[in-house]
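The values are calculated or read from the model by the stated rules, or taken from the named source; none is laboratory data. This one's a predicted model, so the numbers in the text were calculated from it and none came from an experiment. Methodologically, a virtual Cβ is constructed for each residue, glycine included, from the backbone with ideal geometry; neighbour enumeration extends over all protein chains shown.
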């Protein structure tokens, strides 16, 4: 368990000693380009996630992709679901890198998205620390395909906050190449439109239709049967939905104090309402697995809320270390509970590095 505490403690200590990033560009947004320090973060996280060995609940299942990829070439991708992930397997097979190659390529894509997303926050190190207990440890090390999709979606969410709707749609569609469920985020763009509504809404609608037809239509009935009709229960879904509902409620209370552009504020208000509706839907429905899978795409809301909260309820622009410490304690508790009491955490312990 010690490695996971180290992974969390490093950004947590930096977050405690850092002041918020107040410098903005001329358009009122924060610069996203990673500096040398954040380049090293990308390398370190890619290594930690990519070179894990026999870590994660679906570790064995991903080998079926690798074995099947040995008899495929890139021309076969047109016949495959989630062709982006198949492409990584074919590439890794051709290069002789095995499952470690697949995981490392995937970890790099996920980490790029996570770092760019954190860099868009006033407290990027706090956002990164909040990401470590669940988003990195559980999702990135356990759900490889959906983690890659989420990394690309996070880039898209940054673009959407900048009102770059086409870029958002393209990044989400790129994510859907690795896990088709990402397509469901496309309609969110339509809810955030404030100008050129007809043209932008038309483009978003077209992208949603194309994404559905190309990536989701053939498997929609199978997904519905798996997640809805069979009444499969997802262990821990309530807790994971609650983890999104808590920051959603905080945003509704304090969101007006967050240093966000009007477009960003509207985006995260919408996602907060979605998070609360998903949490409430858990109780009267049998959709725990479907809600649990979709809740993964709402996790970035946690990073946004807690990276802004110290300045929203503390002294704006100061370190507000007491508030930061409370947030870190909350996530330390999440990591402790998950490592010691989660049903499937045994598949993550011990953390090992290897190649295969």
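A search for C-beta distances below 7 Å between a residue of region 1-20 that is under 16 Å from residue 123 (Cα atoms) and any residue that is not in a helix (DSSP H, G or I), counting only pairs 6+ apart in sequence or on different chains, returns 15/123; 18/123; 19/319; 20/122; 20/123; 20/317.
Taking residue 288 as the residue in question, decide whether it is at pLDDT below 90 and either over 24 Å from residue 20 (Cα atoms) or in contact with a helix residue (DSSP H, G or I) (Cβ under 7 Å, 6 or more places away or on another chain) (or both). So residue 288 fits the description; yes. Regarding residue 141, is this residue in contact (Cβ under 8 Å) with a residue 24 or more places away in the chain, part of a helix (DSSP H, G or I), in contact with a strand residue (DSSP E or B) (Cβ under 8 Å, 6 or more places away or on another chain) and crowded, with 23+ Cβ neighbours inside 10 Å? Yes, satisfied.
Filter region 271-284 for residues that are in contact with a helix residue (DSSP H, G or I) (Cβ under 8 Å, 6 or more places away or on another chain) and either surrounded by 15 or more Cβ atoms within 10 Å (Cβ to Cβ) or not in a helix (DSSP H, G or I) (or both) and give the result. 271, 272, 274, 275, 276, 278, 279, 282 - these are the residues of region 271-284 that are in contact with a helix residue (DSSP H, G or I) (Cβ under 8 Å, 6 or more places away or on another chain) and either surrounded by 15 or more Cβ atoms within 10 Å (Cβ to Cβ) or not in a helix (DSSP H, G or I) (or both). In region 41-54, the qualifying residues are those that are at pLDDT 95 or above and not in a helix (DSSP H, G or I), and the one that is surrounded by the fewest Cβ atoms within 10 Å (Cβ to Cβ) is 51. Exactly one residue out of 166, 136, 213 is under 20 Å from residue 109 (Cβ atoms) and either in a helix (DSSP H, G or I) or modelled with pLDDT of 75 or more (or both), and it is 136. On the stretch given as region 69-79, residues that are without any contact (Cβ under 8 Å) to a residue 24 or more places away in the chain, closer than 14 Å to residue 91 by Cβ and in a helix (DSSP H, G or I) total 4.
Scanning region 285-313 for residues that are touching a residue at least 60 places away in the same chain (Cβ under 8 Å) and either assigned to a loop (DSSP other than H, G, I, E, B) or within 14 Å of the chain's Cα centre (by Cα) (or both) gives 287, 293, 294, 296, 297, 299, 300, 302, 303, 304. Return yes when residue 259 is surrounded by 14 or more Cβ atoms within 10 Å (Cβ to Cβ), in contact (Cβ under 8 Å) with a residue 60 or more places away in the chain and over 25 Å from residue 8 (Cβ atoms) and no when it is not. Criteria met by residue 259.
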